[in-house]
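J.: I'd like to ask some things about the structure below.
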C-alpha cells in the first residue's frame, strides 16, 4: 500500500547499493587494509578477572623482545588521571579492574605477531575481589556495592547516543543497592484497573545479553602530527563527529585538531561509537608514531558493549469486551559497569503499543561487574516487546478472541499516549494490522501437526538530528553530493536517487562523497533509524539550490524565461523548441570559466526536523517444533512495515531481511553467558551460537507506505523496527504449536522439552 501518489522518476523504484559490488568482490578497503609509513601495531592485555586489585605489573621480559617499541601501563599515558566514567573513557586500568575484558597493558611493536608475543610475556599479579554478576542479587543490600561513592557522573556523549527518549519519570525515592538510575511512570489507577478486570496475566520474563556479531571487529589507526599537536583517526565507526567530540573530551585536545576519517564499514548495529579511539590516540601520542589497533574476534567479544540482560515482571489485564485496561511493569536492566540510559525508551514503548487507561511502569538500571552495555539495533525494544506481546497473546487466548483483532481493537493511533504519557505523532500501526488480516497465511492458518503461527507488533519512536549537505555540479556533468553521515546500511543509494530526482539526471551521474570531520558537512551518528530521516532533507535542499542556479544559467544562456525551462536526462530544454538544449555539464563549465560570472554551481542544504516519525511493524512467524527434541525451526516470516515512503525499496527490503535474521538469532540462538566470577563463557563463534544460512526461513516483506508528515518525501526510519517483534512472534508461534508459553530468550530446546513434558504429564495441551 502506497499513499504517496507522486509519480517519481527514480525515487521508490529501487537502486543497487552503491558500495555493494566493492564489498562482495573484496575491493573495499577496511581499517586493517590501511598502511601508513612508520605505522606500529598495538595489542592489549585484557583483565581475566571481573573484579580485582592490581598488585603489580612486570613488563621487563616483554620490553626485551626485539621489535617491541613500548609496553605501556596507565601511568605511562597522558590519561593517567582521567576519570573513568564510561566505556569510552576506559583507557588502561590503574589500581583495580572492574570487568572481565578491561584493558590493562598495551604493547606497541613493529608487527602484530611481535606485539602478541610480547603481551603473553607481561605478568600481572591480581588480588581477586568479590564480583557482582547476578542481576537480581546485585540489587540486594547483601551484595557488595560496586561504586560506594556513586557512579562517576562525567557526561559521555557516546553513552547517551542511543537514549532516544528523554523522559521525565519520577526517580526511586530510596535508592537500592547498585541501582544507578530508576524511573517511574504511571497514569490512571492501576489498583482499580486490576480489580475491574475479568482476566489477569502475570509473568516474569528473562532475556540474555546478546552480542552484535558484526563481521568486522573494532579497528582503528591513530596517526599523530607531533608538530601540530593533532591526531587523525581512520576508523570503523557509526558516528565520526560523536567520536571526535568524545576523543576531544577524553584526551583534552581541541576538536579542530582531531580528524576522524570513517573507513569502509564492516557492521556495527549500534556497537561502534568510539571504544578504541581514545586509547589508540593516547598510545600514538606517547610513542609519537602511527599505530594500528585491531581486536581479534575473542577480544571483541569480551571487551565491547553487548545488549543488556533484562528481567521483566509484567502484569496485564483485560475485560470481557476485549479491551486491555491495566498494565504493571517492573523492568530491570543489567547495564554492566557503567550505563546506557534506556529507561525512558523502554517505558515509552511497553506502555505505548496499546491504549491502556491504567499503567504503572518501573525501570531500574543496575550496575554489575560486566562490560558496559551498548546499543544493539533498537536497544531494549525487542526485550520489552517479547514480554508485552507474550502477555497480549495469552490475554486474547484466555478471552477466546482472535489474536489479531484483539491487537487491532487496542492498538494505539495518532495522538494516543506513549508509556511516558506523551502523545504519539502520526503512525500507521493499524495499517500494518490491516495488511496482515488480509494475508492468506493468516486468513487460512494452514499448518501441519506441531506447527504454529504467531504474531507480534513492534514500534520505534525514531531519532532525528541536525544535518547538512552540499551538492556540486561538475563540468563533466557529474553531480557530487557531499555528506558527513556514515553509510552503514546503504543509505547513500537513497541520497543518489534524491539528487537524480531533483536535478533530472541519471543516478549514474550522481556520486556520493563521504567527508570526514574536517571536510564533510555535519551529520548525526548513524544509529537509531535517523540518518535517512535527518539527512535526506538536507540532500534534497542542496540539490534544489543547485537546480535553481542551473536554471538561472540556462535562462541567461537561451535568453528564455526560467518558467519555460525543464530538466531531464542531464539536459536543460526550452519547452517547445527541441533544438534548444544544453547539458548541465556545459552550464557548469560556463559558470566555472566566466570571469565575474555566477561562479561554480553548488548548493547547500540543511535539515533540523522538529518532530520524530514513529515506525511500526507487524510480524508473523510460522514454526515447527520437533516433538522428540523440541527443536524449533522457523518456516516462514512475514514482515509488514510502515516505512512512510521507501526511497529505495532495495535498501529497505535488505534492512528488513537482516533485522529478521538477527531477531531469529535473539529468539533461538544467541546469549552472552558468564560464570559466577564474571568470566565470559561464550567468547568466540565457537561457543556463541548464532543463526546460520540453513536456519533462515522464507522471509516476505510488505511495505506499508503511509508518508510521515515530517519526514522528507514522507520517509520513516527502517533500521531498528525489523528486529523488534521477531522474538515475540516466534515465541507465540511455539505456544501455538505445542502449548508452551516461553518466558525466556533464547528459547532452549532442553528447557522447552522439560516444560512440554511436564505439561503432558499434567494433561495440559
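J.: Determine which single condition residue 18 fails, assuming it passes every other condition in (1) free of Cβ contacts under 8 Å to residues at least 60 places away in the same chain; (2) within 30 Å of residue 499 (Cβ to Cβ).
T.: Only one criterion is unmet by residue 18, namely (1).
J.: Right, another one. I'm trying to understand the selection: among the residues of the range 14-33, which are crowded, with 17+ Cβ neighbours inside 10 Å and in contact with a strand residue (DSSP E or B) (Cβ under 8 Å, 6 or more places away or on another chain)?
T.: Our first condition is that a residue be crowded, with 17+ Cβ neighbours inside 10 Å; within the range 14-33, this holds for 15, 17-19, 30-31.
Scanning the range 14-33 gives 18, 30, 31.
J.: Condition first: modelled with pLDDT of 95 or more, more than 27 Å from residue 712 (Cβ to Cβ) and buried (at least 18 other Cβ atoms within 10 Å of the Cβ). Can you find one or more residues in the range 644-660 that meet it?
T.: no
J.: Okay, next question. Out of 388, 417, 404, I need the residue that is touching a residue at least 12 places away in the same chain (Cβ under 8 Å), touching a strand residue (DSSP E or B) at 6+ places or on another chain (Cβ under 8 Å), within 28 Å of residue 662 (Cβ to Cβ) and surrounded by fewer than 24 Cβ atoms within 10 Å (Cβ to Cβ). Which one?
T.: On the way: 388 fails: surrounded by fewer than 24 Cβ atoms within 10 Å (Cβ to Cβ); 417 fails: within 28 Å of residue 662 (Cβ to Cβ).
The conditions single out 404.
J.: Hey, can you tell me all the residues within the range 534-593 that are exposed (fewer than 14 other Cβ atoms within 10 Å of the Cβ) and closer than 21 Å to residue 521 by Cβ?
T.: 548
J.: I would also like to ask the following. I need a count of the residues in the range 604-636 that are buried (at least 23 other Cβ atoms within 10 Å of the Cβ) and outside any loop (DSSP other than H, G, I, E, B).
T.: Number satisfying all stated conditions: 14.
J.: Right, another one. Does residue 494 qualify as being in contact with a helix residue (DSSP H, G or I) (Cβ under 8 Å, 6 or more places away or on another chain), in a loop (DSSP other than H, G, I, E, B) and buried (at least 17 other Cβ atoms within 10 Å of the Cβ)? Walk me through how you get there before you give the answer.
T.: Details: in contact with a helix residue (DSSP H, G or I) (Cβ under 8 Å, 6 or more places away or on another chain): yes; in a loop (DSSP other than H, G, I, E, B): no; buried (at least 17 other Cβ atoms within 10 Å of the Cβ): yes.
So residue 494 fails the test.
J.: In the range 417-451, what count of residues is obtained for those that are within 29 Å of residue 352 (Cβ to Cβ) and either outside the structural domain of residue 714 (by TED's automatic domain parsing) or not in a loop (DSSP other than H, G, I, E, B) (or both)?
T.: Looking only at that region, the number is 14.
Matching residues to (1) at pLDDT 95 or above; (2) part of a loop (DSSP other than H, G, I, E, B); (3) in the same structural domain as residue 670 (by TED's automatic domain parsing); (4) crowded, with 23+ Cβ neighbours inside 10 Å:
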| position | (1), (2), (3), (4) |
| --- | --- |
| 691 | no, yes, yes, no |
| 699 | yes, no, yes, no |
| 702 | yes, no, yes, no |
| 722 | yes, no, yes, yes |
| 728 | yes, no, yes, yes |
| 750 | no, no, yes, no |
| 755 | no, no, yes, no |
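The values are calculated or read from the model by the stated rules, or taken from the named source; none is laboratory data. These numbers were taken from a predicted model, which means no experiment stands behind them. Please note: Cβ atoms are built from the backbone with ideal geometry, for glycine as well, and neighbour counts cover all protein chains shown.
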